[in-house]
Each structure stands twice: as C-alpha cells, then as structure tokens.
2 protein chains.
Amino acid sequence: MIKIALLGSTGSIGRQVISTVERHPDKFQIVSISANSSYKLFEEQMNKFKPKIACLTDGLSARKITSIPPETTLYTGENSMLHAVTEDADIVLAAVSGFAGLPAVVEAIKMGKNVALANKETLVAGGEMVMRLAKEKGVKIIPVDSEHSAIFQCLNFSTQTPFKKLILTASGGAFRNYTKQEIANFKASEALKHPNWQMGKKITIDCATLLNKGLEVIEACHLYNAPLEKVEAIVHPESIIHSMVEFEDGAVMAQLGFPSMEIPIQLALTYPERYPTGVPFLSLAGKTLNFKEIDEDKYPCFPLALKSFEMGYNFACAMNSANEEAVGLYLQDKIGFYDIPRLIQYALEKTEKLEVNLENLLYTDKFARALVREKLEKI
Amino acid sequence: MIKIALLGSTGSIGRQVISTVERHPDKFQIVSISANSSYKLFEEQMNKFKPKIACLTDGLSARKITSIPPETTLYTGENSMLHAVTEDADIVLAAVSGFAGLPAVVEAIKMGKNVALANKETLVAGGEMVMRLAKEKGVKIIPVDSEHSAIFQCLNFSTQTPFKKLILTASGGAFRNYTKQEIANFKASEALKHPNWQMGKKITIDCATLLNKGLEVIEACHLYNAPLEKVEAIVHPESIIHSMVEFEDGAVMAQLGFPSMEIPIQLALTYPERYPTGVPFLSLAGKTLNFKEIDEDKYPCFPLALKSFEMGYNFACAMNSANEEAVGLYLQDKIGFYDIPRLIQYALEKTEKLEVNLENLLYTDKFARALVREKLEKI
C-alpha cells in the first residue's frame with residue numbers, strides 16, 4: 001500500500017490522481033490532501049478518503065465546509081499546505097499549480113519524503129536548491145509531467161543513464177495554425193481551446209505561448225542534470241510522442257501514448273511496475289506524426305524562458321512569477337497575448353540578481369509580480 | 001575485450017560487424033570468421049584480423065585463396081562453419097543468411113556461447129527447439145535484427161519485462177506504392193531497389209513480399225515468448241521507428257533512428273552500454289511519420305508466414321525453405337512475384353508434419369525446396 005500526500009487535490013492533476021487511487025484501492029491510500037479554494041470538491045474528497053490531514057489554503061472557502069470526518073484534522077490558512085506533508089506519507093505528490101508549490105516541496109524533501117512532481121515551477125524557480133537538497137536527503141524527485149515522465153521511461157527510470165540529448169515534444173498549443181498577426185489579437189478564451197490535452201487554465205495559456213515548453217526544458221535540465229545544450233524542444237502537433245532521448249550510438253528512445261496524464265501519474269507511483277489505467281490504447285494505423293522546429297519569432301516566450309535560465313541566480317524564478325502574473329492578467333482580458341513576453345522581459349530587466357535560497361525566491365516571486373503590475377499601468 | 005566468432009563475415013551484416021570492430025578495436029576482437037564463397041573479401045579479412053580459425057564453406061572458392069596468415073587455421077567444406085564456433089569466443093554473431101545458419105547456432109548454444117542473432121531463419125525454422133536449448137544451457141539469444149533490437153531496447157534489454165503487445169514496423173518494401181496488378185509484373189531487379197535499407201538480395205526480396213515481416217513476427221514470438229496475438233506488424237514507410245512495445249498501462253515505447261544496422265549490431269555486443277557509431281543522428285524536424293495496416297491481399301506472403309507458424313511442428317521451417325528456394329528462382333527471373341506465395345502454399349500443403357528436431361528440420365528444408373522445384377515444372 002503506497003501512502004500518498006496529495007498537494008493540490010482539486011486541480012486537474014489532483015483529480016486524476018484521485019481517479020488513479022480509485023482504480024487501484026488495493027495499491028494506494030490517500031493520507032493527506034491540500035487544496036486552495038475549491039471547497040465543495042475538497043469536502044467531497046475529505047469525506048470519501050478520510051485522510052488524517054486535510055488543508056484548505058483559502059480561509060474564506062474553508063468556512064463554507066460543513067462536514068469533516070472524525071478521522072480528519074482540517075488546517076486552513078496560507079501556510080496550511082505544509083501540514084499535508086505528513087510523516088505518514090510514503091510519497092508527496094505535488095500537484096499544486098505555480099510557484100505556491102515550492103515551499104511544500106522543500107518541506108517534503110527536508111522530511112526525507114520522495115516527491116512525485118507535477119509542479120514544474122518548483123524546479124524552474126528553485127531547481128538548483130531543490131535538487132541539491134534532494135541529493136543530500138537521498139530523496140527521489142519523480143517526474144509526473146508527461147514529457148519528463150516520457151524521458152524517465154526512455155532512461156529506464158534512472159536519472160543516471162547516460163544520454164546525448166533530451167528531446168521534448170510540444171503540441172504547439174491552441175494557436176499553432178495561425179500567423180503572428182492573427183495570434184496577437186486572440187483573447188484568452190481562444191487560447192484555452194487546447195487541441196490535445198485537457199488541463200488547467202494557466203498551463204493551457206502557457207502552452208499557447210510555448211512558455212510552458214521553456215519551463216519544461218529548464219525542469220529537464222534540473223531533473224536530469226543536463227546543460228541547456230543537451231535539451232531540445234520540437235513541435236509535434238499530434239502529441240502522440242510525449243518526448244524522446246537520443247543516445248551516444250545514434251539510437252533514439254521515445255514514449256508514445258494517448259494524451260492522458262493518468263499514465264505518468266500512476267507510473268510515478270508504481271514504476272518500474274505498470275498496471276492498467278483507464279487510458280485508451282494507441283492505434284497508429286492511419287495516423288501521421290509531424291515534427292517541426294519552434295518558430296521563436298512567433299513564440300518569444302520560449303527563448304525568453306531559456307534566456308532567464310542561462311542568466312542563472314533567481315532569474316528563472318522571476319521569469320516564472322512574472323509569467324504567472326501576466327497570464328492571470330491575460331485570462332482577465334486585461335492584456336494582449338504578446339504583452340505576456342513584454343511583461344516578462346520587463347521583469348527580467350528589473351530583477352535584482354540574488355543567490356537562490358527559499359527566502360530570496362519568495363522575495364523574487366513577490367517582486368516580479370509587482371513589476372508586472374507596475375508595468376501594466378504603462379501599457 | 002569481447003571475443004567474437006563471426007559467422008557470415010562477407011555478407012551485408014558481416015561487413016557491418018567488421019566495421020563495428022574496426023571502430024572500437026579496444027573493445028572487440030574477431031577470433032574466428034566463416035563465409036560461403038566470397039573468397040577475396042574473406043582472404044582480406046583473414047589477413048587483417050588473423051583469426052585463430054577461418055572457414056569457407058565453398059571448396060572451389062577456397063582453392064583460390066593464396067595467402068593464409070600463420071595464426072590462422074583454414075577449414076573448408078559444407079560443414080566447416082561449425083569450426084568457427086570456437087571455445088575462444090565470448091559471443092557468436094550469427095550473420096549467415098538463411099536456413100544454413102541453424103546448425104551452427106545450435107552448436108554455439110550447446111557450447112554455452114551467447115548468440116547475437118542476425119539470422120532470423122534459425123528461430124523461424126527451429127525457434128521452439130533453439131529457445132528451449134538456450135534456456136537449458138543458460139545462453140542468451142540477443143537480437144541483431146533492427147526490429148527485434150528495437151523491442152529489446154524498449155524492454156530495457158530484458159526478455160522478462162512484461163508487455164501487452166509487440167509492434168513491428170515494416171517499410172512496405174520496394175513495391176509499396178504500386179497496385180497488385182502492377183506488382184505482379186515486376187522483375188526482381190525492381191524489387192531490389194529497397195527505399196530505406198541497404199541489405200542483401202534475399203532479404204530485400206523478402207521485404208518486397210513482406211514475407212520478411214512474417215518471419216520477424218515469428219522470430220519475435222520465440223525471442224519474447226509471446227503468442228501470435230501479442231505481436232503485430234504495421235507499415236511505416238519512413239523506417240524511422242524501428243519497432244515498438246505497448247505496455248499494460250497504455251504507454252508505448254519506441255526505438256527510432258537513422259536506418260542503419262550498425263546501431264543494433266554494436267548494441268548486441270555491448271548492451272546495456274552504448275558507444276558512438278558512425279551512424280548519423282536523427283533529425284525529426286520537417287519529417288512526417290506515416291502508419292498504415294498491412295494489405296494482406298497485396299502481400300499474401302505475410303499471412304501465409306503467420307499461418308505456417310500457427311500450424312506448428314515443422315511448417316514454419318517448410319515455409320521458410322520454400323520461400324528461400326522461390327526467392328532464388330525469382331532472382332533468376334524464372335518465376336513471377338506472386339508465384340512466390342503460390343510455391344510456398346504448395347510446399348505447405350505437401351509438407352509432412354514432423355516434430356521439431358535438427359534432423360527433421362534438415363529433412364524438411366531439403367524436401368520443401370524439392371517441392372518448390374517440382375511445382376515449378378508445372379507453372
């Protein structure tokens with residue numbers, strides 16, 4: 001029985017973790033959950049799984065909860081998520097969206113818990129610190145993202161397997177068939193129509209800007225201890241190949257499948273063993289797989305993300321936080337599509353270079369968001 | 001230093017083994033070679049590598065050899081190949097074309113030598129016997145064929161990894177863009193223009209008839225202890241994905257690469273380690289990969305091969321030998337393209353059911369060839 005602390009239980013990934021647990025109740029047990037404000041679903045989950053600990057960050061939402069099972073202790077408030085990283089858990093599944101997941105992941109590693117990581121921002125912002133800490137504590141950081149899980153599978157579930165190049169695939173997002181001029185005028189509602197994957201809003205916008213692929217390249221560098229030049233991204237509109245690894249001899253291994261997060265989620269918990277999922281099997285007959293290079297002019301967020309990583313220190317953190325803030329504004333139709341990279345660029349220019357530690361990252365996060373809001377006034 | 005007994009040193013695979021050895025002289029040593037009749041190249045190889053033992057099957061060709069290095073003992077005659085399976089070798093690389101490789105592979109297994117198998121006919125004709133013997137002797141049968149190597153890589157170099165389905169890819173051969181009526185009139189010279197791979201004549205014809213894919217499905221069943229329903233073949237004209245494995249959870253692993261045998265040859269000798277080859281790296285940008293089902297009406301040899309396997313006993317052996325004979329005739333322009341399946345069908349009908357042992361297989365081989373020649377008179 002694998003005991004899971006599930007951070008972000010009501011989000012897209014969290015709900016799929018829940019359905020994985022429900023599919024194999026003999027294998028998995030949820031010992032704690034945390035969520036932000038979706039109190040109805042949270043209450044349902046709490047009463048269904050009766051976790052020892054449940055945390056709802058948003059205090060106002062927590063007040064609307066009417067029924068708490070006797071087995072469960074409920075925590076609320078901004079830092080309550082840390083309680084969900086409990087001694088009881090075998091693994092912490094970090095499915096919180098955005099920078100907010102970082103402190104809890106750090107806490108989990110400090111407690112010596114293996115982390116199944118669906119929160120890429122943790123590594124983007126604090127990768128160096130997080131990976132160093134994980135090494136010190138002998139803790140495994142197991143990828144849940146479909147691309148990084150694909151790479152993990154291609155490397156036979158070992159971050160030690162030598163490779164020549166990691167090749168991440170990108171669907172190209174909602175706007176892949178439009179020109180730059182057309183894209184410039186699209187509202188968020190258009191960007192949310194992702195062609196292949198069902199995901200949360202923030203990541204779906206990140207797919208449309210391809211900033212998401214930049215985050216993933218950075219995440220891959222940290223997870224697989226690779227310099228930037230050993231990680232590539234390529235557009236593959238069909239999202240059938242989830243990512244690839246090229247080896248020294250010229251062989252390339254790829255992982256393919258129906259686009260569903262349930263495979264990587266379950267595998268992160270059970271690897272190297274594989275068990276049935278509800279995911280349809282792939283049928284390639286009649287299919288065509290296409291590949292093309294990323295158009296950096298059309299998708300300036302992609303090179304911008306990589307540039308922030310090359311700048312080192314806290315710059316990738318600033319890029320990520322500026323993006324989160326800008327995407328929030330785009331989702332509210334307050335800015336245009338290409339204002340997102342403009343705002344990130346501005347934040348990067350104004351960010352003060354700092355060493356990477358949790359305190360500095362928290363500061364950088366707040367400061368980058370403030371920079372975006374400040375710049376917004378001037379747009 | 002890995003000591004190699006190379007059976008079939010002058011053929012297409014044999015020459016690529018030689019170039020692999022030449023690329024890594026610190027890793028590989030050739031301790032014996034065997035060939036059939038290409039005495040010039042054979043003599044060159046003998047004088048270059050000075051193997052302890054060298055065997056040329058064809059006595060007439062052997063008489064044309066002028067220089068034998070003092071380190072080497074030369075054997076000639078029909079059964080001389082068996083001498084090349086020497087005690088000295090760490091691994092026997094069986095790159096002989098056709099049924100002729102079977103006795104030497106059996107000999108190698110009996111001597112407890114691991115076998116890198118590029119001779120698929122060995123398993124097609126005697127798979128049950130060969131795999132049982134290998135198990136008894138604790139000997140590894142390592143695939144060299146690009147498809148089976150791809151599967152081996154997808155299973156992380158273990159025949160014990162559980163899987164749901166093996167999916168072999170087929171280029172579709174030289175006639176893939178023609179109708180059945182057009183194909184019917186093509187001569188062997190047309191069939192020899194394989195679009196993706198540089199190979200020997202016999203296998204190139206087998207690619208055009210897709211009988212080769214039938215042989216590979218049978219080989220995969222034996223190598224990976226799979227029933228026929230767990231092995232599929234799919235047409236993939238670009239030959240970029242060399243084969244795939246589908247797992248219980250819906251994930252599919254695939255091995256891709258530039259179409260060259262040097263990767264699987266070298267990997268069979270060094271796995272799980274990988275070293276540089278001379279093979280160009282794959283670049284997917286701008287590429288399109290297509291997949292379609294095999295048209296069994298256009299390629300009757302494919303279902304015919306599978307049927308012979310389902311019939312059990314010595315029938316796959318008869319199918320294989322009848323095909324070798326028929327392909328020989330097609331290469332001499334003595335029969336048409338669709339006479340190949342007709343002759344195989346005839347041989348299968350007339351073959352007497354026998355238990356699988358070496359003696360019976362040798363008999364079945366000779367008898368099936370005789371049946372083909374007999375039927376030819378009547379065409």
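Taking square-rooted eigenvalues a ≥ b ≥ c of the alpha carbon gyration tensor, is the stretch B:292-339 rounded, prolate or oblate, where a/c under 1.5 means rounded and, failing that, a/b exceeding b/c means prolate? Oblate, since a/c reaches 1.5 and b/c is not below a/b. Peptide A:277-286 has a mean of 6 when you count, residue by residue, the C-beta atoms of other protein chains within 10 Å of its C-beta.
What Kirkwood radius, in Å to one decimal, follows from the Cα pairs of the stretch B:11-79? Can you show the working numbers first?
Working: mean 1/r = 0.0822 Å⁻¹.
12.2 Å is the Kirkwood radius here.
Using square roots of five times the C-alpha gyration tensor eigenvalues, list the equivalent-ellipsoid semi-axes of the stretch B:98-232 in whole Å, biggest first. Provide the component values of the computation, followed by the final result.
Working: eigenvalues 171, 59, 28 Å².
Computed over the stretch B:98-232, the values are 29, 17, 12 Å.
In this structure B:GLU190 has an accessible area near 70 Å², from a 1.4 Å probe over the protein heavy atoms. Count Lys and Arg as plus one, Asp and Glu as minus one, and take only other residues whose Cβ is under 12 Å from that of A:GLU121; the net charge is then -4.
Say we join alpha carbon atoms closer than 10 Å with springs in a Gaussian network model of chain B; which of B:GLU121, B:GLU349, B:GLU248 then has the biggest fluctuation? Maximum among the listed residues: B:GLU248. Of the two radii for the stretch A:263-303, the radius of gyration is 1.20 times the Kirkwood radius, both from the alpha carbons; that is the Rg over Rh value.
Only loop residues by DSSP count here, and only those with at most 12 other Cβ atoms within 10 Å; note down the trypsin sites (Lys or Arg not before Pro) in the stretch A:190-275 that meet that. If you can, show how the numbers build up before the last one.
Numbers: sites: A:LYS193, A:LYS201, A:LYS202, A:LYS213, A:LYS230, A:ARG274; in loops: A:LYS193, A:ARG274.
Sparse-neighbourhood loop trypsin sites (Lys or Arg not before Pro): A:LYS193.
Counting heavy atoms of the protein chains only and a 1.4 Å probe, report the per residue accessible area for the protein assembly as shown as a whole number of Å². All intermediate terms of the calculation are to be shown ahead of the outcome.
Numbers: 29830 Å² over 758 residues.
Counting only protein heavy atoms, the per-residue value for the protein assembly as shown is 39 Å².
Spread over its residues, the convex hull of the C-alpha atoms of the stretch A:308-379 is 72 Å³ per residue.
Relative to the compact globular guide of 2.2 N^0.38 Å, what is the alpha carbon radius of gyration of the stretch A:75-164, as a ratio? Write down the numbers at each step before the final one.
On the way: Rg = 13.2 Å, N = 90, 2.2 N^0.38 = 12.2 Å.
So the stretch A:75-164 has a normalised radius of gyration of 1.09.
B:PHE28 exposes around 10 Å² of accessible area when a 1.4 Å probe is run over every protein chain in place. Between A:GLU374 and B:TYR363, the simple spin-label model (points 7 angstrom out along Cα→Cβ) gives 9.3 nm. For the stretch B:244-379, the calculated P(r), taken from all Cα-Cα distances in 10 Å bins from zero up to the bin holding the longest distance, is 10, 27, 23, 27, 12, 1 percent.
Modelled spin-label separation between B:TYR271 and B:GLU71, with each label point placed 7 Å from Cα along the Cα-to-Cβ direction: 3.0 nm. Largest first, the residues A:ASP365, A:ASP295 sort by 1.4 Å accessible area into A:ASP295, A:ASP365. Each residue of the stretch A:241-246 is assigned a 3J(HN,Hα), and the resulting list reads 7, 8, 3, 9, 10, 9 Hz, derived from the Karplus form 6.51 cos²θ - 1.76 cosθ + 1.60 (θ = phi - 60°), x at Gly and Pro.
Within the shell defined by Cβ-Cβ distances under 13 Å, the residues around A:GLY312 carry a net charge of -1, with Lys and Arg each +1 and Asp and Glu each -1.
Calculated on the Cα set of the stretch B:183-254, radius of gyration then Dmax: 14.5, 46 Å. Counting only C-alpha contacts under 8 Å and six or more residues apart, can you give the relative contact order of the stretch A:51-124 as a whole percent? Across the stretch A:51-124, relative contact order equals 27 percent. Of the three principal axes defined by the Cα atoms of the stretch B:30-119, the extents in descending order read 34, 25, 17 Å.
With 11 Å as the cut-off, how large is the P(r) tail for the stretch B:176-215, expressed as percent of Cα-Cα pairs? Intermediate values should be presented prior to the final figure.
Numbers: 495 of 780 pairs.
I get 63 percent for the Cα pairs in the stretch B:176-215 exceeding 11 Å.
Calculate, for A:PHE281 and B:LYS180, the FRET efficiency according to 1/(1 + (r/R0)^6) with r their C-beta to C-beta distance and R0 30 Å; round to the nearest 0.05.
Efficiency, from the Cβ-Cβ distance: 0.45.
Using only the alpha carbons of the stretch B:137-202, what is the convex hull's orientation-averaged projected area in square nanometres? Mind showing how you got there, number by number?
Working: hull surface 27.6 nm².
Computing the convex hull of the Cα atoms and averaging its projections yields 6.9 nm².
Measuring nothing but how far apart in sequence close Cα pairs (under 8 Å, 6+ apart) lie, relative to its length, chain A scores a relative contact order of 15 percent. Annotation: amide H-H contacts under 5 Å for B:LEU256 (H modelled 1.01 Å from N, sequence separation of 5 or more, or interchain): A:VAL252, A:MET253, A:ALA254, B:HIS242.
Sum -39500 (n - 2.57) across every DSSP H segment of at least 4 residues in the protein assembly as shown, then divide by the residue count to get the 222 nm mean residue ellipticity, nearest 500. Walk me through the intermediate numbers first.
Details: 32 runs with 336 residues, N = 758.
When only DSSP H runs of four or more count, the value is -13000 deg cm²/dmol.
Which loop-located trypsin sites (Lys or Arg not before Pro) does the stretch B:350-379 contain, where loop means any DSSP state but H, G, I, E or B and the Cβ has at most 12 other Cβ atoms within 10 Å?
In loop regions of the stretch B:350-379 (DSSP not H, G, I, E or B), the sparsely surrounded trypsin sites (Lys or Arg not before Pro) are B:LYS353.
Computed over protein heavy atoms with a 1.4 angstrom probe, the accessible surface ordering of A:PHE281, A:PHE309, largest first, is A:PHE281, A:PHE309.
Average partner chain C-beta neighbours within 10 Å, per residue of B:228-235?
Working: counts 0, 0, 0, 0, 2, 0, 5, 1.
Average neighbour count from other chains, rounded to a whole number: 1.
The slack between B:GLU349 and B:ASP90, meaning 0.36 nm per residue of separation minus the straight C-alpha distance, is 89.1 nm.
The B and A chains share an interface that buries close to 3200 Å² of accessible area, total over both sides, probe 1.4 Å.
With distances taken between every two different alpha-carbon atoms, the stretch B:16-55 has a Kirkwood hydrodynamic radius of 10.5 Å.
Computed over the stretch B:54-105, the percent of Cα pairs more than 13 Å apart is 63.
By accessible area of protein heavy atoms, probe 1.4 Å, what ranking do B:GLU293, B:GLU71, B:GLU246 get, highest first?
Result of the area sort, largest leading: B:GLU293, B:GLU71, B:GLU246.
Only protein heavy atoms count here; under a 1.4 Å probe, B:LYS140 has an accessible surface of about 110 Å².
Taking other residues whose beta carbon is less than 15 angstrom from the beta carbon of B:ALA254, and scoring Lys, Arg as +1 and Asp, Glu as -1, yields -2.
Once the mean 1/r over all distinct Cα pairs of chain B is inverted, what Kirkwood radius in angstroms do you read off? Taking the inverse mean of 1/r over all distinct Cα pairs, chain B comes out at 21.0 Å.
The values are calculated or read from the model by the stated rules, or taken from the named source; none is laboratory data. None of these values were measured; they are calculated from a predicted model. Note that each Cβ is placed from the backbone with ideal geometry, even for glycine, and that neighbours are counted across all protein chains shown. Protein only, heavy atoms only, side chains kept; ligands, DNA and RNA dropped before computing areas. Shrake-Rupley method; radii C 1.70, N 1.55, O 1.52, S 1.80 Å.
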